[in-house]
C-alpha cells in the first residue's frame, strides 16, 4: 500500500513517515512540504492513500489544501490527519468527499489499520462525526417548508399565477411568501432568488 | 481472523438461518455473541429479563423486523451502544439513518466475512467505518435534503421504506392529514407526482 504524506512540521512529518513505513503492508513513497510541491512532483507512481496533515489553527491553509487535493482528478484516496475533532475542519472534509479523517491520538497500529481500510475504497471517520452535521451552519438557510417549496418553483421559472394554482393558494399569498423569501435570502428579484437556490443545491450555502 | 473482545448482539437477520449463520461466523472467530434477537422488542425484553447487555449491536438494515426503525429505537434506548449495520446496498435513505442515529459502521453483505470482523474492531476502537459507494450515496442524499425540510425528509425516508401514510403518521406522531400535506410538499419540491417517484430519490438504482 503506497502512501504519501503532505504538510505539517518537517520533523513530525518525517517521524510519522518512518514510523508508518515500519508497519506491515505500508510503504511510504514520499513526503511533501505542501500540496503545491506534491502537485509539482507529479510522480509516475501515484499513491494509494494521501495523508494530509491539517494543523487546526491554520484554517486558511487546510481549507485550501483540502479543496485543491480533492479535485475530481485526484489520484489516491485523500485522508485528513488532525489532532482533534474540529467541527469546521470535519465539515470541510466531508463536503469535499475525503475518504477518511484520522486522529493523531491513534496508536501507530490503529493508524495503520485505518489507512489499510481506506485503501480498499471504504471510509473511516472518528466515532460521532455525525454531530458536526447538526451544527447551525449546516441547516439550509432559515426557510419554512412553504418558502422552500415556493423558492423551488420560482427557480424553475414559474410565474406567481402558476405557483398559486400548483399549491392551491391565492396569488396574494404567493406574493406574500415571495416577499418574505427575498428578505430572508437577501435578494431583490426572482432571478437572484433562483441563483441563490442553485447555489444551495450546488452545496455552496 | 482476530477475535473481537466485546459482547455482540445480533438484531434481525431475515430469518433464523441467517441469524444462526452470523452467530456461527462471529463465534468461530472467537468473538462473543451475547444474544441474537428477531427485533428490537425481543432485545428489550431479553435485557429486562437480565440478559447481558451488548457492547455492539450488529443490525440487519434490510430486515423488516430490524432496519432503520430498530436502529432509531436502539439509539434512543442505548445512546452509547455501538451499532454496525449490514446492508446489501448503500442507499441515500441508509445514509440518512447513519447520520441521524449516529450509526458507527456499515458493512456490505457482499463483503468477505473477515471484513465484518475488521469493521467491528474499528468500531470498538472508536472509529466509524463506511463501505464503498458511501460518497456517491451521500451526494445523492445531499441533493434531496437541500430542497426538503427536516420533517419532509423524515416523511420521505419512511415512505421510501414502504410505509403507508397511516404508519408514517403513527411513527412520527402526527395526523394522517399532516403526512399528506408533507407528501404534497415533497412532490412539489422534487418535481414528481407520486410517492414511487419521490422514493426513487431515496433509493439506489436508476
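Quick look at the numbers
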item: Folded to 0 to 90 degrees: helix B:176-190 orientation relative to chain B principal axis, Cα; result: 80 degrees
item: Sequence-separation-based contact order of the range A:2-137, relative, with Cα cut under 8 Å and 6+ spacing, percent; result: 22 percent
item: Part-to-part distance (alpha-carbon centres) for the range A:92-110 and the range B:136-206, which is given in Å; result: 32 Å
item: Along principal axes, Cα extents of the protein assembly as shown, largest first, whole Å; result: 71, 61, 34
item: Directionally averaged shadow of the range B:27-169, computed from the convex hull of its alpha-carbon atoms, nm²; result: 9.2 nm²
item: Between 0 and 90°, nearest 10: helix A:108-119 axis offset from chain A longest Cα axis; result: 50 degrees
item: Averaged over A:91-98, number of beta-carbon atoms from partner chains that fall within 10 Å; result: 1
item: Candidates B:152, B:88, B:125: whichever shows maximal mean-square fluctuation once chain B is modelled as a Gaussian network with Cα springs under 10 Å; result: B:125
item: Estimated D of the range A:145-202 in µm² per second, where Rh is the Kirkwood radius over Cα pairs and Stokes-Einstein applies at 4 °C, 1.567 mPa s; result: 117 µm²/s
item: Most mobile listed residue (B:36, B:72, B:164) in chain B, GNM with C-alpha springs under 10 Å; result: B:164
item: Inter-chain Cβ neighbour average for residues A:148-155, partner chain, 10 Å; result: 4
item: The protein assembly as shown - share of DSSP beta bridges that are antiparallel (%, nearest 5); result: 10 percent
item: Computed P(r) (all Cα pairs; the range B:147-200; 5 Å bins; percent); result: 4, 24, 38, 25, 8, 0
item: Ratio of Rg to Rh over chain A (Cα coordinates, Kirkwood Rh, two decimals); result: 1.15
item: Exercise: per-residue mean of other protein chain Cβ atoms within 10 Å, B:141-148; result: 4
item: For the range A:21-51 and the range B:16-62, distance of Cα centres in Å; result: 42 Å
item: Stokes-Einstein diffusion coefficient of the range B:113-206, Kirkwood radius over Cα pairs, 4 °C, 1.567 mPa s, in µm²/s; result: 87 µm²/s
item: Helical mean residue ellipticity (222 nm; -39500 (n - 2.57) per DSSP H run of 4+; nearest 500) of chain A; result: -14500 deg cm²/dmol
item: Projected-area average for the range B:67-117 over all orientations - Cα convex hull basis, square nanometres; result: 3.5 nm²
item: Pairwise Cα inverse-distance average, inverted: Kirkwood Rh of the range A:57-172 (Å); result: 17.3 Å
item: Cα pair count fraction exceeding 17 Å, expressed as % - the range B:36-91; result: 31 percent
item: Selected from A:49, A:35, A:154 as most flexible by GNM, with chain A as the system and alpha-carbon contacts under 10 Å; result: A:154
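None of the figures in this text is laboratory data; all of them are computed from the coordinates on show. These numbers come from a predicted model, not from an experiment. Heads up, the Cβs are rebuilt from the backbone with ideal geometry, glycines too, and the neighbour counts pull from every protein chain shown.
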